[in-house]
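Trainee: Please see the structure below; I have some questions.
Only the coordinates and a few stated rules stand behind these numbers; no lab work does. Just so it is clear, the structure is predicted and the values come from calculations on it, not from any experiment. With ideal geometry, Cβ positions are generated from the backbone for all residues, glycine too; neighbour counts draw on all protein chains shown.
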Amino acid sequence: MAAQEPSIPVLAARARALQQRAESLLAAFRQPAMRALVTDATTNLRDAQRWFDDARLEASDTCRLWVEAILTVTARRLETLDETLRQHGPDVTGLSG
């Protein structure tokens, strides 16, 4: 089972890539409501980033899985925002069902 657990370098690289994606989206959106949604996603990234400074991450598969879950949720949020930007442009005011 340990072979399936994500490595810390892989998680860190994924977190950096998501942070860059979030920064791009934040720069692209013009409306405060959409910028706030991107900011919410970056809060998740900050939570994940805190784990990289925690010694338990190295020793615990569970902690690495938790970080992976945070990054997966964040990626999904950013994908939705990216799709919204592509479909509706930078002036969209929010997501609707």
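Trainee: What Kirkwood Rh does the chain have if only Cα atoms enter the pairwise 1/r average? Answer in Å. The partial results should precede the final answer.
Mentor: Numbers: mean 1/r = 0.0708 Å⁻¹.
One decimal place: 14.1 Å for the Kirkwood radius.
Trainee: Also, I was wondering about something else. Most fluctuating residue of 53, 40, 61 in a GNM of the chain with Cα springs under 10 Å: which is it?
Mentor: 53
Trainee: Would you be so kind as to identify which of 8, 88, 63 lies farthest towards the positive end of the dipole of the chain, taking Lys and Arg as +1 and Asp and Glu as -1 on Cβ and the Cα centre as origin?
Mentor: Looking along the dipole axis, the top candidate is 88.
Trainee: Right, something else. Quick one: what are the phi-derived ³J(HN,Hα) couplings along the range 62-67, Karplus 6.51/-1.76/1.60 with θ = phi - 60°, whole Hz, x for glycine and proline?
Mentor: 4, 5, 5, 5, 5, 4
Trainee: Rounded to the nearest 500, what is the chain's calculated 222 nm mean residue ellipticity when only DSSP H runs of at least 4 contribute -39500 (n - 2.57) each, over all residues? Walk me through the numbers before you get to the answer.
Mentor: On the way: 4 runs with 74 residues, N = 97.
The helix contribution divided over the chain gives -26000 deg cm²/dmol.
Trainee: Specify the residue with the greatest mean-square fluctuation among 50, 30, 21, computed from a Gaussian network of the chain linking alpha-carbon atoms under 10 Å apart.
Mentor: Its mean-square fluctuation being the largest, the pick is 50.
Trainee: Pairing the Cα long axis of helix 32-52 with the longest principal axis of the chain, what angle in degrees results, from 0 to 90 and rounded to the nearest 10?
Mentor: The helix 32-52 is inclined about 10 degrees to the chain.
Trainee: So if R0 is 30 Å, what FRET efficiency would residue 73 and residue 30 give, r being the distance between their Cβ atoms, rounded to the nearest 0.05? Walk me through the numbers on the way to the answer.
Mentor: Details: r = 25 Å, r/R0 = 0.84.
According to the calculation, E is roughly 0.75.
Trainee: Further question: If each residue of separation counts as 0.36 nm, what is the full-extension length gain between residue 23 and residue 49 once their alpha-carbon separation is subtracted?
Mentor: Values: separation 26, 0.36 × 26 = 9.36 nm, distance 1.54 nm.
Separation in residues times 0.36 nm, less the Cα-Cα distance, equals 7.8 nm.
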